[in-house]
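K.L.:
Let me give you the structure first, and then I'll get to my questions.
Throughout, read-outs are computed from the coordinates displayed, never taken from laboratory work. What you see is a predicted model; the values in this text were computed from it and never measured. Note: ideal-geometry Cβ built from the backbone for every residue, glycine included; neighbour counts use all protein chains shown.
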Amino acid sequence: MTYEKPQTLEEAFEKFSPFLFKLAKTTWQKHRHRITSYDDLIQSIRYLFIYAYKMHDPAKGPFKAYMKTIVTQKLKHMLAGGNPPWCKESPFTFLKQRKIDCIYLEDEDVLDSLCQKQM
């Protein structure tokens, strides 16, 4: 049995936007103290939606169920500090602490190189 997938990404996004925005709203309400901005969260959820759209195989089940599962699982993974799918080398994040850690590591490298030059 083959299930139908929305014809285009735009069509799929329009159809499932209410779910995506509801997920963003509930995530923001629960984790706002850990997230840099609501806009970053929305963009990340949209990115996960695109990932789900590209990876869906209609032969394995309906898009709606697959998309909801993938987007929520990957979002939880990112909230736990994991990288988004397809982003191994230069991951983006919506978490405050991860951005601070990245900036700190970059600053530490700069300080190390400055200290070595002074010696």
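K.L.:
Say the cut-off is 22 Å between C-alpha atoms; which of Lys30/Lys54; Lys5/Lys25; Lys5/Lys76; Lys25/Lys76 go over it?
P.N.:
Checking Cα-Cα distances, Lys30/Lys54; Lys5/Lys25; Lys5/Lys76 exceed 22 Å.
K.L.:
If each residue of separation counts as 0.36 nm, what is the full-extension length gain between Ala65 and Lys15 once their alpha-carbon separation is subtracted?
P.N.:
Taking 0.36 nm per residue and subtracting the Cα distance, the gain is 16.7 nm.
K.L.:
What is the spin-label model distance, in nm, from Ile50 to Trp28 if the labels are put 7 Å beyond Cα along the C-beta direction?
P.N.:
In this crude label model, Ile50 to Trp28 measures out at 2.0 nm.
K.L.:
Turning to a different aspect of this structure: Rounded to the nearest 0.05, what FRET efficiency do Ala80 and Asp39 have when you use their Cβ-Cβ distance and R0 = 22 Å?
P.N.:
For R0 = 22 Å, the calculated efficiency reads 0.55.
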